[in-house]
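Comments concern the structure below.
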Amino acid sequence: MSGAGIWMVAAVGALLLATGLPAWMVLIGVALVFSIGGIALGAVSLSLLTAIPARLIGLLESDLLQALPLYVLMGALLNHLPLAQTLYRVGGRAFARTGAGAPLAGLALSVLLAPMNGSVGASVATLARVVQPRLDAEGVPAERGAAMVCVASTLGVVVPPSLVLILLGDAMMRAHTEALNITHASMRIINTQDIFVGALAPAGVLLALIAAITWWLARRGARATATRPAPSPGWRDRIVAVVTALLIVALLGAVTLGYLYAVEAAAVGGVALFVFGLASRTLTLAVLGEVLRDTMAITGALFALLVAATVFTLALRTFGTDRWIAAVLADLGWSEYPTLLLILLVLGLCALVLDAFEMIFVVVPVVMPPLLVLVHNVTWVAVLTLLVLEASFLIPPFGYAVLMVRNSIRQPLSMKRLSRALLPYLVAQLCVLALVLAEPGLVWQRNPIELSPGGAAKSEEEGREMLERQLDEQLEQTHPEDEGATPSGATPGQ
């Protein structure tokens, strides 16, 4: 029955495509059906079902989850207040001399909003509402505008410190812990801050390539229709846009570099945006109601997915599928590179059906621990995972971002033309992926994770010293006020 977990994953993918039901409902339903079947066949103990409540309570006690509703609230305020439109208008004016003002302004807006939008779907909804109409007014062909929205909506996957990176950091930390328990190696466990820092250089290279492609396509393509130039934003709009952009960049940068926890930064940003809405009289009761409804809906969906994925992975592990996968990888006898490529291929195929959060909650906990037994550069693996997910979301016709954009944009889109418009961006992403694969040094290491020679455990004295250092670091991060210092280098959300 060890392979039952594989059939569970296949059943989830098939039901998601066939029924269109919410992912959390499918995950819980499949987990319960297989669990009941396993109990009836005697392959699973009844204690599985009784262990679920305790596991969920332990999961929801994580401090990291406090950042989720605050991030979502900040994104909802940015979406419903006139800030997104103001940022876009001012950005379009600032980039006007490049000949690609509207596309580059949309790209810059997506970089600011993507870390807080919560998912690819939320980013698509915002960009389709704010950016797409202006691109149409500029005479940009519908397929090229849709391609830009597709690419921009996936930037939250790689731009730190997004919700995707926060949750992936937590998942990778758990997977790394399991791998060390298997190998009995003595080394520092990865944390969220390591992934933030590691993703900076690849994300910067990718953004530079996407911006260059966007500029080149805009300069190369002729306008389909002559349009009236957009009115120049006033000084008030410019001041508001500059202050808002600086606030967002400062908060996200402080979290990325470890000067603020994710919870603190999101709370500060939410309060600042709330005060702005009151001061500008744009946060009316009706708008506040929409903000709170969106925040509750997105947060509820994330927590429902997290709970469902926890139940699903518990059932999968009870069947022993995780141990079976580890045994299969070990029996292959491959070195770390071929094994890594195999797992990345599996992640890419799963991403054609699942969203980023579903991947992090369901697939990563299953395939990562066996991989990290062989590959010890965990930050590198995490960044490669992010790049694979982002590329998979853009592969037509089943890429998640492609499907979301086609559903959000009312006018019909030719899949052939959309695929042609997406091709340069896909090539750029694959080039960055290949570059990171060939040169792991592009992934910066905040604190290099050292493994004892041969992967063996260190001596008892060395292991005790490492444990004491980690405990001291955790105490300093937990009680920074006792030292009278800012929690620099702390793990956000922990």
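The values are calculated or read from the model by the stated rules, or taken from the named source; none is laboratory data. Predicted, not measured: the structure shown is a model, and the values here were computed from it. Counting neighbours? That spans all protein chains shown, and the Cβs are built from the backbone with ideal geometry, glycine included.
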Handout entry: Test: LEU27 is surrounded by 15 or more Cβ atoms within 10 Å (Cβ to Cβ), touching a residue at least 12 places away in the same chain (Cβ under 8 Å) and closer than 16 Å to MET359 by Cβ
Key = yes
Fill in the blank from the handout: Of (1) out of contact with any Gly (no Cβ under 7 Å at 6 or more places or on another chain); (2) at pLDDT 75 or above; (3) part of a helix (DSSP H, G or I); (4) closer than 25 Å to PHE303 by Cβ, GLY58 satisfies every one except (2)
Problem - Filtered residues of the range 203-222 (kept if without any contact (Cβ under 8 Å) to a residue 12 or more places away in the chain and of a type in the set (Lys, Arg)) - result: ARG220
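Every residue, every condition in (1) touching an Asp or Glu at 6+ places or on another chain (Cβ under 9 Å); (2) farther than 22 Å from GLY269 by Cα; (3) of a type outside the set (Lys, Arg), yes or no:
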position: LEU81; (1), (2), (3): no, no, yes
position: ALA94; (1), (2), (3): no, yes, yes
position: VAL111; (1), (2), (3): no, no, yes
position: VAL120; (1), (2), (3): yes, no, yes
position: ARG134; (1), (2), (3): no, yes, no
position: ALA142; (1), (2), (3): yes, yes, yes
position: ALA146; (1), (2), (3): no, yes, yes
position: PRO161; (1), (2), (3): no, no, yes
position: LEU165; (1), (2), (3): no, no, yes
Exercise for the section: Would you tally the residues in the range 1-48 being outside any helix (DSSP H, G or I), more than 20 Å from ARG323 (Cα to Cα) and among the small types (Gly, Ala, Ser)? Expected result: 1
Practice task
Considering every residue within the range 313-322, establish whether at least one is of a type in the set (D, E, K, R) and buried (at least 17 other Cβ atoms within 10 Å of the Cβ).
Solution key: yes
Problem - Which listed residue, of ASP331, ASP322, is out of contact with any helix residue (DSSP H, G or I) (no Cβ under 9 Å at 6 or more places or on another chain), assigned to a helix (DSSP H, G or I) and charged (D, E, K, R) - result: ASP331
Completion exercise
By residue number, the members of the range 334-349 that are of a type in the set (Phe, Trp, Tyr) and outside any helix (DSSP H, G or I) are TRP334
Completion exercise
Checked the range 273-294 for anything crowded, with 17+ Cβ neighbours inside 10 Å and among the aliphatic types (A, V, I, L, M); matches are LEU273, LEU283, VAL291
Practice task
Output the residues belonging to the range 140-173 that are among the β-branched types (Val, Ile, Thr) and part of a loop (DSSP other than H, G, I, E, B).
Solution key: VAL140, THR154, VAL158, VAL159
Exercise for the section: Consider PHE274 carefully, then state whether it is within 18 Å of VAL240 (Cβ to Cβ) and aromatic (Phe, Trp, Tyr). Expected result: yes
Problem - Subset of the range 37-56 (residues that are without any contact (Cβ under 8 Å) to a residue 40 or more places away in the chain and either surrounded by 14 or more Cβ atoms within 10 Å (Cβ to Cβ) or under 24 Å from the mean Cα position of the chain (by Cα) (or both)) - result: ILE39, LEU49
Handout entry: Subset of the range 54-72 (residues that are of a type in the set (Val, Ile, Thr) and under 14 Å from VAL164 (Cα atoms))
Key = VAL72
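Each row is one residue, and each column tells you yes or no for (1) touching a helix residue (DSSP H, G or I) at 6+ places or on another chain (Cβ under 9 Å); (2) outside any loop (DSSP other than H, G, I, E, B); (3) closer than 18 Å to ARG188 by Cα; (4) modelled with pLDDT of 85 or more.
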| site | (1), (2), (3), (4) |
| --- | --- |
| LEU418 | yes, yes, no, yes |
| LEU426 | yes, yes, no, yes |
| ALA485 | yes, no, no, no |
| ALA490 | yes, no, yes, no |
Exercise for the section: Keeping to the range 350-377, report how many residues are assigned to a helix (DSSP H, G or I) and under 17 Å from the mean Cα position of the chain (by Cα). Expected result: 12
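Residue by residue, here is whether (1) assigned to a loop (DSSP other than H, G, I, E, B); (2) within 29 Å of SER62 (Cβ to Cβ) holds:
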position: SER232; (1), (2): yes, no
position: VAL243; (1), (2): no, no
position: ILE248; (1), (2): no, yes
position: VAL275; (1), (2): no, no
position: THR282; (1), (2): yes, no
position: ILE298; (1), (2): no, yes
position: PHE312; (1), (2): no, yes
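Quick grid of which residues meet (1) closer than 17 Å to LEU112 by Cβ; (2) surrounded by fewer than 21 Cβ atoms within 10 Å (Cβ to Cβ); (3) among the hydroxyl-bearing types (Ser, Thr, Tyr):
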{"residue": "PRO133", "(1), (2), (3)": "no, yes, no"}
{"residue": "PRO141", "(1), (2), (3)": "no, yes, no"}
{"residue": "VAL151", "(1), (2), (3)": "yes, no, no"}
{"residue": "THR154", "(1), (2), (3)": "yes, no, yes"}
{"residue": "LEU163", "(1), (2), (3)": "yes, no, no"}
{"residue": "GLY169", "(1), (2), (3)": "no, no, no"}
{"residue": "THR192", "(1), (2), (3)": "no, no, yes"}
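Yes or no, residue by residue, for (1) at pLDDT 85 or above; (2) surrounded by 15 or more Cβ atoms within 10 Å (Cβ to Cβ); (3) farther than 20 Å from MET359 by Cβ; (4) touching a helix residue (DSSP H, G or I) at 6+ places or on another chain (Cβ under 7 Å):
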position	(1), (2), (3), (4)
ILE6	no, yes, no, yes
VAL9	no, yes, no, no
GLY13	no, yes, no, no
ALA31	yes, yes, no, yes
Exercise for the section: Select, from GLY99, GLY156, GLY139, the only residue that is in contact with a Ser or Thr (Cβ under 6 Å, 6 or more places away or on another chain), within 16 Å of ALA211 (Cα to Cα) and modelled with pLDDT under 80. Expected result: GLY156
Exercise for the section: Could you tell me whether the range 354-361 includes any residue that is among the acidic types (Asp, Glu) and under 30 Å from GLU143 (Cβ atoms)? Expected result: yes
